[in-house]
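Working notes for the structure below.
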Amino acid sequence: MAIILTGIYIYPIKSLAGISLNKSKVEEEGLQFDRRWMLVDENGKFLSQRTMGKMAQLQPEITPQGLQVAHRIGGEKLFIPLQAEGAPRQVTVWENTFEAQEVNEECNQWFTKKLGINCALVQLSPDRNRIAPEKYTGEDEVAVSFADGFPILLSNEASLKDLSDKSNTALEMERFRPNLVISGAEAWAENSWETIQINGITFKGVKPCGRCKVTTLNPKTGEPTGKEPLKTLSKLRNWKNNAIFGENLYPIEEGEIKIGYAVSIQNTKDNPVKTIS
């Protein structure tokens, strides 16, 4: 069976709602516009749905003029310019501290009001001064945006179905916040792909993706929905004490991808995650 690209998603502002696309440019840091902005607290630490589920209620949209964010509940909208206007500042994503640029004070005030916490909107620096963990990328120096660790996350429709069946829960793919979704592969095969190609663009598989409590939130509202899918996933697909769903990738070349493009498996590796039935 042919493996096909069936979903393309970007999350322009880290941990806000995602956008489904028919096509996307692939850049060094991942898909164009993906996680190029981020909200930080007064100390410069990134904000996340892990502790602030209401971030899911804020829906970004890419327009010809810039980025627009709408509040799903209240309907208020904010326009965000594509070029930041504020001062540089130090920000932190997990163990990485690096320089980003504040967008403007209007954005800071809008998000502070909506989230109920003093925060600022920052944009990725054009200097590309954040690098993915070398222990996984080897000799390749991989630029990464505000994503947790790597440029791209790939998920498999068959894996979602297997997890839904075993957890007796109708799970939405949006819970797992992938960039690329594929169909036509066996469940969980994605963790055994060392390199794949889409439209001549090579993507390298870095490591399985460990999942957090965000997968237990309603992706539209950010409200908790129970212990699933983590309860089942932690038993079904456990690696280094992490519940695994999806494979982290990085692109070797730049280019463009579209829904319906074929996914070619170039090289495989031993699947480090063993499925427990």
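Readers should treat all values here as calculations from the given coordinates under stated rules, not as data from a laboratory. All figures in this text were calculated on a predicted structure; none of them were measured in a lab. Backbone-built Cβ (ideal geometry, glycine too); neighbour counts: all protein chains shown.
At a glance:
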{"item": "Charge-dipole axis of region 37-124 as Lys and Arg at +1 and Asp and Glu at -1 on Cβ define it, positive-most pick from ILE80, GLN57, TRP37", "result": "GLN57"}
{"item": "Dipole moment magnitude, nearest 20 debye, the chain about Cα centre, only Lys, Arg, Asp, Glu C-beta charged", "result": "1120"}
{"item": "Option label - Kirkwood radius over Cα pairs in Å computed here, alternatives (1) 19.1; (2) 21.3; (3) 27.4", "result": "(1)"}
{"item": "Quotient of C-alpha Rg and 2.2 N^0.38 Å, computed over region 37-124", "result": "1.03"}
{"item": "Charge dipole magnitude, Cβ of K and R +1, D and E -1 - region 37-124, Cα centre, debye nearest 20", "result": "400"}
{"item": "Pair LYS25, CYS212: separation of 7 Å Cα→Cβ label points (nm)", "result": "2.9"}
{"item": "Cut-off 9 Å between beta-carbons: net charge of the residues surrounding PRO88, Lys and Arg +1, Asp and Glu -1", "result": "-1"}
{"item": "Count of lysine pairs in region 37-124 with Cα separation under 14 Å (8 or more residues apart, or interchain)", "result": "4"}
{"item": "Footprinting exposure proxy for ASP148, ASP140, ASP34, ASP270 (fewest neighbouring C-beta atoms within 10 Å first)", "result": "ASP270, ASP140, ASP148, ASP34"}
{"item": "Residues of region 103-146 with amide N under 16 Å of the 7 Å Cα→Cβ point at TRP239", "result": "133, 135-138"}
{"item": "Cβ-derived FRET efficiency at R0 35 Å, ASN104 paired with ILE265, nearest 0.05", "result": "0.20"}
{"item": "Residue-span extension gain [ASP41 to MET1] - 0.36 nm each, minus C-alpha spacing", "result": "9.7 nm"}
{"item": "Tilt relative to the chain, helix 105-115 - C-alpha long axis, 0 to 90 degrees, to 10", "result": "60"}
{"item": "Angle in degrees between helix 157-167 and the longest Cα principal axis of the chain, rounded to the nearest 10", "result": "90"}
{"item": "The chain: relative contact order in percent, alpha carbon pairs under 8 Å with at least 6 residues between", "result": "24"}
{"item": "DSSP-loop chymotrypsin sites (Phe, Trp or Tyr not before Pro) across region 49-128, with at most 11 other Cβ within 10 angstrom", "result": "TRP94"}
{"item": "Filtered GluC sites (Glu not before Pro), region 13-59: DSSP coil and at most 10 other beta carbons within 10 Å", "result": "GLU42"}
{"item": "Modelled FRET efficiency - R0 35 Å, GLU223 with GLU139, Cβ distances, 0.05 increments", "result": "0.20"}
{"item": "Dipole moment magnitude, nearest 20 debye, region 171-217 about Cα centre, only Lys, Arg, Asp, Glu C-beta charged", "result": "280"}
